[in-house]
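The structure under discussion appears below in the form of structure tokens.
The values are calculated or read from the model by the stated rules, or taken from the named source; none is laboratory data. Since this is a predicted model, take the numbers as computed values, not measurements. Quick reminder, even Gly has a Cβ in these numbers, built from the backbone with ideal geometry, and neighbours come from all protein chains shown. Ligands, DNA and RNA are stripped out before the accessible areas are found, and what is left, the full protein with its side chains, is counted by its heavy atoms. Shrake-Rupley method; radii C 1.70, N 1.55, O 1.52, S 1.80 Å.
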Amino acid sequence: MIVRAKIKGCGSYLPERILTNDQLAERVETSDEWIQQRTGIKHRYIAGENELTSDLATKAALAALEHANINVSEVDLIVCATATPDETFPATATVVQKNLGVTKGAAFDLQAVCSGFVYGLSVVDSLIQTGQAKTALLIGAETFSRILDWEDRSTCVLFGDGAGAIVLQAEEGNGDTSDSGILSTHIYADGRCHDALYVDGGPSSTGTAGFLRMEGKEVFRQAVTRMPEAIDAALKKSDLGPEAIDWLVPHQANIRIIEAMGKKLKLPKERVVVTVDKHANTSAASIPLALTEAVYDGRIKRGDMIMMAAMGGGFTWGSALLRW
Ligand code: ACO
């Protein structure tokens with residue numbers, strides 16, 4: 001018998017305000033047609049003026065706890081994957097901890113940009129397997145609208161705000177792929193790729209939050225290579241073929257990246273969860289937002305095998321294989 005981190009429930013939160021492509025076209029020289037053709041994005045959600053990352057995170061966490069039917073008093077670990085924290089410190093996860101009324105265990109943020117949720121799965125899985133946590137909240141929450149240069153049409157059309165969360169709990173497993181919960185995680189980074197995707201500010205450089213800068217073509221090229229590599233590593237580790245995957249729940253950056261991954265895995269479109277059309281790229285929040293949608297609408301069922309993959313600034317990238 002081994003300890004597995006089983007996912008007991010999920011939840012998400014999106015701000016009220018929707019920003020359509022047509023509305024964006026009133027601010028920068030772009031069009032609904034260009035954005036949809038190149039990215040698949042139709043609209044995105046934007047946080048209210050006084051709405052913080054911790055507010056979105058708290059709402060997603062509460063929804064996940066309710067879905068899992070787990071009392072908040074059981075939570076002994078809160079990890080918030082975010083690149084847009086409320087403040088430089090303390091960690092947004094500690095604000096969520098206070099908002100939820102949790103007074104035990106650990107709480108910290110994890111910074112791996114769009115790979116944050118997959119990195120978070122890896123860290124939470126380890127802490128649960130080593131007995132340091134029993135009931136964990138893993139949240140991906142972002143207010144990317146705050147670090148976008150709204151004059152730069154090549155980036156401001158791509159991102160949105162939102163949050164998603166899951167509740168994980170220690171359970172016994174057999175140690176093979178029939179177990180529910182996290183089966184494997186593979187995480188990677190290559191700091192040489194800094195200039196392809198970064199924010200041009202920070203507390204120790206400019207003293208400001210800065211704006212996102214990106215070489216779109218290079219990010220695209222790397223994404224369609226690195227994510228399938230991470231997926232292959234997960235399949236190999238469990239001695240499975242792509243046909244074992246019931247659902248691909250990828251980071252939602254661009255429909256063309258997602259379709260390229262699905263094709264490489266030979267997965268029919270219907271087995272790939274897509275929300276980029278409605279949410280745009282919500283960085284660390286995109287996977288739990290997509291997961292929650294597919295669980296709540298009944299597509300993902302208990303026992304299904306799920307592959308997650310993400311890539312983000314750094315570059316960081318990785319995959320997670322789990323049975324729901
Ligand atoms: N509207 C209209 N035209 C635009 C826009 C816009 N919003 N943005 C750029 N253009 C123009 C460019 O200026 C360029 O014009 P030019 O030919 O006169 O110079 C033209 O469109 C083509 O630009 P490209 O950059 O070549 O367009 P491309 O086909 O590469 O698409 C895109 C750009 C959508 C950004 C693509 O490269 C991409 O999706 N890259 C991945 C980026 C990504 O997903 N980043 C998210 C973070 S990382 C992650 O999550 C994996």
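Scanning the stretch 194-213 for residues that are touching an Asp or Glu at 6+ places or on another chain (Cβ under 8 Å) and either touching a residue at least 40 places away in the same chain (Cβ under 8 Å) or closer than 23 Å to residue 249 by Cα (or both) turns up 196, 197, 210, 211, 212, 213. For the stretch 98-120, a tally of residues being at positive phi and polar (S, T, N, Q) returns 0. Residue 293 fulfils the conditions (1) touching a residue at least 60 places away in the same chain (Cβ under 8 Å); (2) within 21 Å of residue 124 (Cβ to Cβ) except for a single criterion, (2). In this entry, residue 207 passes the filter for residues that are farther than 30 Å from residue 256 by Cβ and not β-branched (Val, Ile, Thr). Residues that are surrounded by 24 or more Cβ atoms within 10 Å (Cβ to Cβ) and either under 13 Å from the mean Cα position of the chain (by Cα) or in contact (Cβ under 8 Å) with a residue 24 or more places away in the chain (or both) occur at least once in the stretch 301-308.
Residue check: is residue 249 in a helix (DSSP H, G or I) and buried (at least 17 other Cβ atoms within 10 Å of the Cβ)? In short, no.
Here's a check for you: in the stretch 284-324, which residue that is assigned to a loop (DSSP other than H, G, I, E, B) and in contact with an Asp or Glu (Cβ under 9 Å, 6 or more places away or on another chain) is nearest to the ligand (Cβ to nearest atom)? Result: 315.
For the stretch 132-148, filtering for residues that are in contact with a strand residue (DSSP E or B) (Cβ under 7 Å, 6 or more places away or on another chain), open to solvent by 30 Å² or more (accessible area, probe 1.4 Å) and not basic (Lys, Arg) leaves 0.
Here the stretch 190-239 is the region considered, the condition is being among the aliphatic types (A, V, I, L, M) and under 11 Å from residue 313 (Cβ atoms), and the residue that is surrounded by the fewest Cβ atoms within 10 Å (Cβ to Cβ) is 214.
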